[in-house]
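**Q** I have a structure I would like to understand better, so I am pasting it below and will then ask my questions one at a time.
The values are calculated or read from the model by the stated rules, or taken from the named source; none is laboratory data. Quantities reported herein were computed from a predicted structural model and do not represent experimental measurements. Because the Cβ atoms are built from the backbone with ideal geometry, glycine has one as well, and the counts that use them run over all protein chains shown. SASA here: full protein model, heavy atoms, side chains in, ligands and nucleic acids out. Shrake-Rupley method; radii C 1.70, N 1.55, O 1.52, S 1.80 Å.
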Amino acid sequence: MTTFLLMTALVILLVTNLPPEVFSPASQSFILAIGVIGAWRYSWWFVQAIRSVWFNRRVFPRLRAQADAVGAVEKPDAIYVLCTSFRIEPEVSFAVYDALVREARDYGVPTVIFAAISDRSDIDVLDHVMEEHGYPANIEMSYMFQKGDGKRSAMAEVLRAISRRMPSHRSLAVLMDGDVRIEEGTFARTMPFFLNDDGLGALTTNNSAIVDGDDLTKEWYDLRYAQRHLVMSSMSLSERLLVLTGRYSLFRAELAADPGFIDLVANDHIEHWRFGKFKFLSGDDKSTWYWLLKNGWRMLYVPDVYVSGFEELPERDRFFKSTVDLMRRWYGNMLRTSGRAIALGPRPMGLFTWWSLIDQRLSMWTTMIGPTVAIMLTLFVRPSFIFAYLLWILFTRSVATSILAMQRGRMSLLWVPLLYYNQIIGAALKTYVSFRFNRQKWSRQGISAGEPNDLRKARRQRRMGHVMHGVYLGSLLMVLAVATGVLLPPDRVSLSTMDESFANLRATPAEGAADEPRGDSYWIARAMADAPQGGEVRLPAGRLILDRDLPEHLGALGTLRAARLEGSDERGGTTLLVSAGLAPAVTGSDGARLAPGGRLDCTSEAPCTLRLDHPVRLTDLTVALRPETARTAAADAKPGGDAPRL
């Protein structure tokens with residue numbers, strides 16, 4: 001309720017303070033940035049949402065009915081369970097293995113549970129669980145100690161043990177984490193899918209979280225699972241997934257026992273032009289997924305079966321740091337694997353899955369466009385743009401949250417800011433990791449890998465990553481600044497002015513002494529010639545010099561389009577210092593001419609006139625004689641002197 005009231009107050013505040021000029025024609029660059037880019041990103045997101053609904057409402061019910069019909073009369077030959085746990089609390093381990101043993105006992109298929117553990121106290125937990133269930137006859141419990149170098153080596157050892165048992169095509173392997181509790185009926189509701197489809201290589205299920213933390217942490221995890229459900233459902237429509245989650249996934253045992261599969265789990269690595277060859281520390285679920293994807297096996301997401309993970313942040317009192325650390329590890333695993341998956345092309349996975357992998361890499365840059373443009377325009381164009389952008393964020397994320405809530409079955413208003421947080425911080429982290437994805441760290445086991453042992457080489461790699469990241473970000477900022485008009489490329493007037501300035505710099509003192517300094521006549525003439533017909537030229541603040549060459553410059557350009565010169569009201573306003581030769585062409589609103597030592601104040605209500613090929617109005621500026629020509633004009637005005645001529 002408190003969150004709802006705060007958001008309502010924020011919307012009212014933004015609406016009441018939103019200036020009308022935000023949506024004026026001058027705001028086209030802002031509307032383009034948040035509209036066109038947003039339309040592209042959200043159209044793709046809505047495609048995923050529609051596919052997700054279609055899968056859950058139309059496709060999966062048919063698959064469920066077929067699997068249930070097969071499951072009523074058939075069961076797999078054997079089940080092999082690989083469960084890895086590292087320094088997990090005894091009460092959590094007991095809950096996990098208790099649910100696992102109960103499920104295997106009730107399903108009644110010969111089951112071997114391989115527990116990859118890290119402490120002798122885990123053995124007591126396993127013995128206690130088996131004793132509680134009376135040592136079921138169909139269950140064999142084996143355990144092995146992990147080396148502490150990550151879970152890959154432990155998984156490989158267990159997979160080799162499974163391969164030695166020579167599993168049949170109808171045998172299945174469960175790969176799960178030691179902090180995931182399966183719900184009652186998980187085996188019976190997932191394993192028949194393999195008996196119904198010989199081309200199915202693996203499946204994964206829906207997830208829920210048992211969170212040890214505050215409300216913000218709980219909602220953050222639940223939002224991530226809601227987003228996962230939408231994407232997984234959409235991808236399953238193409239019979240492929242983007243990951244086979246390590247929390248709980250089910251494989252054909254003969255595939256999990258394949259030497260190539262085992263070798264990829266144990267020694268997965270990539271060759272990179274900058275980092276060389278380095279092994280993956282985590283991301284075993286990406287390795288298993290890639291092997292099945294490469295070999296053309298179908299995958300399935302089962303949305304009506306949940307497994308519950310015991311979740312807590314690495315540092316419970318530091319939400320931002322902990323979530324950033326987790327997302328950095330997840331996105332690192334994604335970026336390390338997606339490149340080689342994209343290189344496979346669309347043939348083994350289908351066009352939609354292939355483009356989804358590409359979109360993962362594009363989205364980390366396109367997501368940054370909206371806030372970057374909003375900040376640019378707020379700082380350099382008009383502060384009111386930030387109000388429009390905040391309203392856009394509230395509207396779009398509220399719609400997205402509502403769609404997620406409809407599929408998840410619950411909603412929290414905290415999802416709105418958390419969704420934006422995940423998108424922006426996630427995109428920033430992806431761009432950061434993409435230049436440093438060799439650096440790997442596993443917070444639970446306190447290990448890291450990927451960088452050279454030589455400190456000088458490691459520092460050189462890091463510096464190169466910083467430079468490349470800076471170049472990419474700088475290029476993005478430059479393109480956005482030019483595209484939105486914050487930074488304009490030089491036009492014809494600016495280039496001509498620069499050419500003349502360089503020519504004056506190259507001129508010798510003797511050449512320059514023979515002529516009167518040109519001042520600002522040349523570029524003002526260019527601006528007046530380039531202006532729209534009957535339009536205006538806005539002059540900058542400060543003192544500008546107009547000499548008698550102005551008509552000559554306009555004659556050379558062949559046209560005079562501007563009908564008005566308007567000054568600036570910033571930093572003391574604009575003052576035109578005209579030469580004695582041009583002074584007779586300037587008159588005040590009452591017809592008064594510019595007198596020596598005098599000045600004309602030109603306003604919107606009482607404009608002055610500069611008579612050239614056609615009259616040009618002067619507004620919001622002051623006109624005065626140039627100091628060095630004022631004495632000449634005064635002398636010319638004495639009896640007997642020649643009158644100045646234009």
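**Q** How large is ³J(HN,Hα) for each residue in segment 570-576, as worked out from phi by the Karplus curve 6.51 cos²θ - 1.76 cosθ + 1.60 (θ = phi - 60°), to whole Hz, x for Gly and Pro?
**A** 9, 6, x, x, 10, 10, 9
**Q** When we measure straight from the Cα of residue 151, which aspartates and glutamates land under 17 angstrom away, once same-chain ones fewer than 8 places off are left out?
**A** Those aspartates and glutamates meeting the cut-off are 119, 122, 177, 179, 263, 268, 284, 285.
**Q** Kindly work out what percent of the DSSP beta bridges joining two residues of segment 520-625 are antiparallel, to the nearest 5.
**A** The answer is about 40 percent antiparallel.
**Q** Show me, for segment 39-50, the HN-Hα J-couplings you get by feeding each phi into the Karplus relation (A = 6.51, B = -1.76, C = 1.60, θ = phi - 60°), rounded to Hz, glycine and proline as x.
**A** Result, ordered by residue: 4, 5, 5, 6, 5, 5, 5, 5, 4, 4, 5, 5 Hz.
**Q** Tell me whether segment 40-105 comes out rounded, prolate or oblate; compute the Cα gyration tensor, take square roots of the eigenvalues as a ≥ b ≥ c, and use a/c under 1.5 as the rounded threshold.
**A** Details: a/c = 3.60, a/b = 1.43, b/c = 2.52.
Oblate is the answer for segment 40-105, as a/c is 1.5 or above yet b/c matches or exceeds a/b.
**Q** Need the C-alpha centroid separation for segment 172-201 versus segment 363-416, integer Å.
**A** Going from one Cα centre to the other spans 38 Å.
**Q** Still on this structure, I have one more. Between residue 542 and residues 5 or more places away or on another chain, which pairs have amide H atoms under 5 Å apart, with H built 1.01 Å from N, and which residues are they?
**A** 573, 574, 575
**Q** Also: Is the C-alpha gyration tensor of segment 264-375 telling us rounded, prolate or oblate? Criteria: a/c under 1.5 is rounded; beyond that, a/b larger than b/c is prolate, otherwise oblate.
**A** Rounded, since a/c falls under 1.5.
**Q** Same structure, new question: Strictly over 22 Å apart at the Cα level, which of 75/294; 147/218; 279/457; 286/441 would you flag in this model?
**A** 75/294; 147/218
**Q** Related question: Under 5 Å between amide H atoms, partner at least 5 residues away or on a different chain: which partners does residue 202 have, H built in plane at 1.01 Å?
**A** Placed amide hydrogens put 300 under 5 Å from residue 202.
**Q** Give me the percent of accessible area attributable to carbon and sulfur for the chain, probe 1.4 angstrom.
**A** Carbon with sulfur: 57 percent of the solvent-accessible area.
**Q** Hey, of (1) 94, 76, 41; (2) 116, 69, 44; (3) 130, 55, 46, which did the structure itself give for Cα extents along the principal axes in Å when calculated?
**A** Given (1) 94, 76, 41; (2) 116, 69, 44; (3) 130, 55, 46, the calculated one carries the label (3).
**Q** For segment 574-600 and segment 56-107, what is the separation of their C-alpha centers, rounded to whole Å?
**A** What the calculation gives is 92 Å, centre to centre.
**Q** For the chain, give me the percentage of DSSP beta bridges that are antiparallel, rounded to the nearest 5 percent.
**A** Percentage antiparallel, nearest 5: 40.
**Q** Using 0.36 nm times the number of residues separating residue 142 and residue 486, minus their current alpha carbon distance, what extension gain do you get?
**A** On the way: separation 344, 0.36 × 344 = 123.84 nm, distance 6.59 nm.
Full extension from residue 142 to residue 486 adds 117.2 nm.
**Q** Among all the aspartates and glutamates, which ones have a C-alpha under 18 Å from residue 430's C-alpha, if same-chain residues fewer than 8 places away are not counted?
**A** In chain and number order, the partners are 325, 359.
**Q** Hey, what did the chain get for relative contact order, percent, Cα under 8 Å, at least 6 apart?
**A** Details: 1002 pairs, mean separation 75.6, N = 646.
Over the chain, the number comes to 12 percent.
**Q** If we sort 180-191, 141-152, 574-585, 370-381 on the protection proxy, mean other Cβ atoms within 10 Å, highest first, what's the order?
**A** Ranked from most to least packed, the peptides come out as 574-585, 180-191, 370-381, 141-152.
**Q** Let a ≥ b ≥ c be the square roots of the eigenvalues of the Cα gyration tensor of segment 520-625; is it rounded (a/c under 1.5), or, if not, prolate (a/b larger than b/c) or oblate?
**A** Values: a/c = 1.44, a/b = 1.24, b/c = 1.16.
Rounded is the answer for segment 520-625, as its axis ratio a/c remains below 1.5.
**Q** Amide H to amide H, which residues 5 or more places from residue 608 or on other chains are under 5 Å from it, using H placed in the peptide plane?
**A** Those qualifying (amide H under 5 Å, at least 5 residues apart or on another chain) are 603, 618.
**Q** Within the chain, which cysteines find no other Cys whose Cβ is under 4.7 angstrom from their own?
**A** Cys with no partner Cβ under 4.7 Å: 83.
**Q** Compute the accessible area per residue over the chain, keeping the other protein chains in place, probe 1.4 Å, unit Å².
**A** Values: 30770 Å² over 646 residues.
With the other protein chains kept in place, the chain gives 48 Å² per residue.
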